[in-house]
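What follows is calculated from the coordinates using simple rules that are stated; it is not laboratory data. Quick caveat: nothing in here was measured; it's all calculated off a predicted structure. Positions of Cβ are backbone-derived with ideal geometry, glycine not excepted, and every protein chain shown enters the neighbour counts.
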Amino acid sequence: MFKRKKQDPYATAPSDEETAILQAVLVMANRLGTVGEIMTPELVEVAADGAGAEAAVKWMRNGASAEAIRQGREAYRFVGVKAARLFGPGGEFEGAVVADPESE
């Protein structure tokens, strides 16, 4: 007889790697955006591409393989798409604005 597995309540929680990528994406979004500008899903996705490219340069300098770099860039795109949903209509962070780098 088959038993149903209990749903892990933390199954959708981001991994440490995803959290670090999200942090890099949001830092890049703040660098790309204008202070006070609403952080749109498009800005977040562009920031994910930029942060992924920045990370890829570091990986290349450290001798990473092309496949490892491709997988890393894919992780940045994946997190960027997930994050963009948070800043879109009905998202948890809808209406959030680009932070002032001088503020804490």
Selection count, segment 24-54, where residues are crowded, with 18+ Cβ neighbours inside 10 Å and either hydrophobic (A, V, I, L, M, F, W, C) or touching an Asp or Glu at 6+ places or on another chain (Cβ under 7 Å) (or both): 12
Residue list for segment 78-90, filter: in contact (Cβ under 8 Å) with a residue 12 or more places away in the chain and farther than 15 Å from Glu18 by Cβ: Phe87, Gly88
Is it fair to say Glu42 is acidic (Asp, Glu) and within 18 Å of Pro14 (Cα to Cα)? no
When you scan segment 55-104, how many residues do you find that are aliphatic (A, V, I, L, M) and either in contact with an Asp or Glu (Cβ under 9 Å, 6 or more places away or on another chain) or at positive phi (or both)? 8
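Filter segment 74-104 for residues that are of a type in the set (Asp, Glu) and surrounded by fewer than 13 Cβ atoms within 10 Å (Cβ to Cβ); which is nearest to Val27 (Cα to Cα)?
In the first step, residues of segment 74-104 are kept if they are of a type in the set (Asp, Glu); the result is 74, 92, 94, 100, 102, 104.
Within this subset, residues satisfying the condition of being surrounded by fewer than 13 Cβ atoms within 10 Å (Cβ to Cβ) are 74, 92, 100, 102, 104.
On the way: Glu74: 18, Glu92: 18, Asp100: 11, Glu102: 13, Glu104: 13 Å.
Among them, the one singled out is Asp100.
Just the residues that are closer than 18 Å to Ser15 by Cα and without any contact (Cβ under 8 Å) to a residue 12 or more places away in the chain, please, taken from segment 56-77.
Residues satisfying the conditions are Gln71, Glu74.
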